[in-house]
Amino acid sequence: MRSRYTAYVLKDASYLLETWHPSTRPAELDLDDPGLRWLGLEVRRHRPIDDLHAEVEFVARSRHQGRGQRMHVTSRFVFEHNRWFYVDDLEGSAS
């Protein structure tokens, strides 16, 4: 989770796509938003479901065009081919 947050901060779309599960990965990402500034990440909870599945609850703070934002999300991950992949966010987890 922390590495994916860092990739958003650095606008590293290739890393984000590499760590996104193929079943839900978009064809491309556009991270070029000069008005967006990431301010911090707080991982609140890591919940293993089983050996191959986990959930991570986090809060990411940003400022977009001078306005503060807070994203509170629980994301799902799957372990395949010896690495973790982001799958998606649980329905209704953003605030």
**Prompt:** ASP50: under 13 Å from the mean Cα position of the chain (by Cα) and modelled with pLDDT of 95 or more, yes or no?
**Reply:** no
**Item:** Hits in region 33-90 (condition: under 12 Å from TYR8 (Cβ atoms) and either among the hydroxyl-bearing types (Ser, Thr, Tyr) or assigned to a loop (DSSP other than H, G, I, E, B) (or both))
**Value:** ASP33, SER62, TYR86
**Request:** Taking ARG47 as the residue in question, decide whether it is out of contact with any Gly (no Cβ under 7 Å at 6 or more places or on another chain) and in contact (Cβ under 8 Å) with a residue 24 or more places away in the chain.
**Result:** no
**Request:** Kindly indicate whether ARG47 is among the charged types (D, E, K, R), in contact with a strand residue (DSSP E or B) (Cβ under 6 Å, 6 or more places away or on another chain) and surrounded by 13 or more Cβ atoms within 10 Å (Cβ to Cβ).
**Result:** no
**Item:** Residue in region 61-77 that is nearest to ARG44 (Cα to Cα), counting only those that are surrounded by 16 or more Cβ atoms within 10 Å (Cβ to Cβ) and in contact with a Lys or Arg (Cβ under 9 Å, 6 or more places away or on another chain)
**Value:** THR74
**Request:** Search region 1-17 for residues being part of a helix (DSSP H, G or I) and touching a strand residue (DSSP E or B) at 6+ places or on another chain (Cβ under 9 Å), and hand back the single one that is modelled with the lowest pLDDT.
**Result:** ARG2
**Item:** All positions within region 86-95 that are closer than 22 Å to LEU36 by Cα and at pLDDT below 95
**Value:** SER93, ALA94, SER95
**Item:** Every residue from region 1-44 that is of a type outside the set (A, V, I, L, M, F, W, C), touching a Leu at 6+ places or on another chain (Cβ under 9 Å) and over 18 Å from TRP84 (Cα atoms)
**Value:** LYS11, GLU28
**Request:** Could you grab the pairs with beta carbons closer than 6 Å, sequence gap of 6+ or different chains, first residue in region 62-85 and within 15 Å of PRO34 (Cα to Cα), second one basic (Lys, Arg) and not in a strand (DSSP E or B)?
**Result:** none
**Request:** Please state which one of LEU36, LEU29 is surrounded by 13 or more Cβ atoms within 10 Å (Cβ to Cβ), in contact (Cβ under 8 Å) with a residue 12 or more places away in the chain and out of contact with any strand residue (DSSP E or B) (no Cβ under 8 Å at 6 or more places or on another chain).
**Result:** LEU29
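The values are calculated or read from the model by the stated rules, or taken from the named source; none is laboratory data. Bear in mind that the values here come from a model prediction, so they are computed numbers and not experimental data. Glycine gets a Cβ as well: all are built from the backbone with ideal geometry, and neighbour counts include every protein chain shown.
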